[in-house]
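The values are calculated or read from the model by the stated rules, or taken from the named source; none is laboratory data. Just so you know, these numbers come straight off a predicted model, no measurement behind them. Reconstructed Cβ throughout: ideal geometry from the backbone, glycine too, with neighbour counts over all protein chains shown. Calculation scope for accessible area: heavy atoms of the full protein, side chains included, ligands and nucleic acids excluded. Shrake-Rupley method; radii C 1.70, N 1.55, O 1.52, S 1.80 Å.
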Amino acid sequence: MPALHAIQHRAGYIDRALIPTIADAFNQTVSEIHGVITFYKDFRTDKPAGPIVQVCRAEACQARGGRDVWDRAQRSAEGKPVVVEEVFCLGNCATGPAVAVDGRLHGAVTPKTIDTIIGDAIARKTPSPTPATSGSGVTVYVPRDAAALAAGANDVAAELSKTDGVRVVRNGSRGMLWLEPMIEVETPEGRIAYGPVSAKDVKGLLKSGLLEGGQHKLRLGRTEDLDWMKRQQRITYQRVGVVDPRSADDYEAHRGIAGLRRALSMTPAQVVQEVTDSGLRGRGGAAFPTGIKWKTVLEAQASQKYIVCNADEGDSGTFADRMLMEGDPFMLLEGMTIAGYAVGASEGYIYVRSEYPEAIEALNEAVASATARGWLGDNVLGSGFSFTIHVRVGAGAYICGEETALLESLEGKRGVVRAKPPLPALVGLFGQPTVVNNVISLGTVPAILADGAATYASLGVGRSRGTQVFQVAGNVARGGILETAFGITLGEIVNDLGGGTATGRPVRAVQVGGPLGAYLPTSKFDVPMGYEEYAAANALIGHGGVVVFDDTVDMAEQARFAMEFCAAESCGKCTPCRIGSTRGVELIDKIRTGENREANIEVLVDLCEVMADGSLCAMGGLTPMPVRSALTLFTEAFQGATK
């Protein structure tokens, strides 16, 4: 995979004439290399007509008008030297519709502004550079999170950097994405926030006494006093937005490496027990107890073991992994190192989706810095334990978020799901015992070790212990990141903190848990956010995505999209997923046009049962969840003809 990325990065595509040479270099057949190239959407064997413009078609962007942007983009690009491609999430879900040009994000795109974006892409207009932390004097924090960059944060940083007596620090986002770019100035009273700030606002802010925390129409007050922040219990995200994420000194000054130091003073078994006692469960969606997985790998007999971080965050409405990797990458590295020590692994891999270039850059810089400081590499902190981390980039396959497909991709193969058993904990990467955990799971471990399992376990509800990072997106007035203890309700998230819909219209549905999650009506808003509580409501929390739709949404169309998405992203290995999703699209089209409606609804119900019970992995197994919820909770949407 790294070799294919390198070739395509250099030439813009992978020339078919090179495939035999690549096959020889890696001792593979031509058909195997061709199979890998054609499996992944990012790889292309023809020279593109021009720059690549990716338009997000996922649910969170749909809720904000993304379908109109996609339609306009296709028309605008006709006959022009540009390539417009669909993508099913760009990680900018709270301020969509999102578009990326050669990896650079644009947010809040409209059918009008997409024409300008495409025109600038064709003209090869250079985006604003990303100024690093610089200067001396009063500290002003300007986020370099991808969502903030999409809103113009680089231009704000550049303008502030021109001012004498100002030290500009590029931090992560505080998570209030509707206020980005949100800048903060350090004062004796604490940080004072202003936002959303544009470059043209800077002169007026400085004139109004920005450097002293002066009054201005964009002044929000002390950051920690803002209601969005006061309602949270930040553990995993304790440093995001607070520190310069590219500074190891800043990380250590804010209690970084404390968890690793404590772990190295314990036995591996004691570390595993600490994680078990905390109640931490997989935050990637499966919610499997992290400590049990680690114990299995610890007890496995092998000369080589691995830690794999699943950073292939592709669910619509989710961007917590991206924001942690961009805003506090050292915490992830520390968590992986603790995991390696706990189970006896000497190597770790972070598999990051290609749509996250800012996160990839941050991780690579952090790995180099951590290695130089002795936090990674040989003899970590003088303990005698050695651990190295490699960053690997995906190539546009949603299915690689499934742990066994991810392992196949890491091994340089097509991302096809493996049958289980054997479990990856016993036969994982390169056939060796492997811990596969999500970014948030691993990123939470340092805090658990630093503060003790009991502190973390004291939060939550039922068997859902600790905190969950909820990502509020779609048609919502205030979207962003919210870390709080399990037990909060959907109504509190959407209405109290989110402020209802961005359009001001009533909420009709909220999809929780990504594209494979259920659509919930407002009657379900009082169910406490907990794994078992949501399972009892025929729903799932998944990775914590919360996508809001107002009362103009067509729920039958959303059900159709669930099947369409599965058909587009299936690895193709099992029939219920590969064929069932295509048949599902056809059935819903017939239902929506009134063709044998009742009979076809009955067939659709049966098809959902076959997919749920017969699919090899959650891709096909959970696709019926949004369809079933739409059918049962929004029945009226399937009763009238729409075409």
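Assorted remarks:
- G377 vs. criteria among the small types (G, A, S), surrounded by fewer than 22 Cβ atoms within 10 Å (Cβ to Cβ) and either touching a helix residue (DSSP H, G or I) at 6+ places or on another chain (Cβ under 6 Å) or at pLDDT below 95 (or both): yes
- If you go through the range 426-444 and keep only what is open to solvent by 10 Å² or more (accessible area, probe 1.4 Å), among the small types (G, A, S) and either touching a residue at least 12 places away in the same chain (Cβ under 8 Å) or in a strand (DSSP E or B) (or both), you end up with nothing.
- Test result for A263, aliphatic (A, V, I, L, M) and open to solvent by 20 Å² or more (accessible area, probe 1.4 Å): no
- Scanning the range 202-224 for residues that are open to solvent by less than 80 Å² (accessible area, probe 1.4 Å) and either under 26 Å from A477 (Cβ atoms) or without any contact (Cβ under 8 Å) to a residue 60 or more places away in the chain (or both) yields a total of 14.
- Candidates are the residues of the range 525-576 that are among the polar types (S, T, N, Q) and over 28 Å from G35 (Cβ atoms); the one that is nearest to the chain's Cα centre (by Cα) is Q558.
- Failed condition for A157, given (1) surrounded by fewer than 22 Cβ atoms within 10 Å (Cβ to Cβ); (2) touching a strand residue (DSSP E or B) at 6+ places or on another chain (Cβ under 7 Å): (1)
- 3 or more residues modelled with pLDDT of 95 or more and open to solvent by less than 20 Å² (accessible area, probe 1.4 Å): qualifying helices (runs of 4 or more DSSP H) within the range 1-107: 19-25, 30-39, 59-62, 66-77
- Members of the range 162-201 found to be among the polar types (S, T, N, Q) and open to solvent by less than 30 Å² (accessible area, probe 1.4 Å), listed by number: N171, S173, T187
- Test: residue in the range 440-452 that is under 27 Å from I360 (Cβ atoms) and in contact with a Cys (Cβ under 8 Å, 6 or more places away or on another chain): yes
- Residues of the range 116-145 that turn out to be open to solvent by less than 50 Å² (accessible area, probe 1.4 Å) and either among the charged types (D, E, K, R) or in contact with a Pro (Cβ under 8 Å, 6 or more places away or on another chain) (or both), as a count: 5
- Scanning the range 285-305 for residues that are within 16 Å of T434 (Cα to Cα), among the small types (G, A, S) and open to solvent by less than 60 Å² (accessible area, probe 1.4 Å) yields a total of 3.
- Helices (runs of 4 or more DSSP H) lying entirely in the range 243-284 (those with 2 or more residues that are in contact with a Pro (Cβ under 7 Å, 6 or more places away or on another chain)): 258-264
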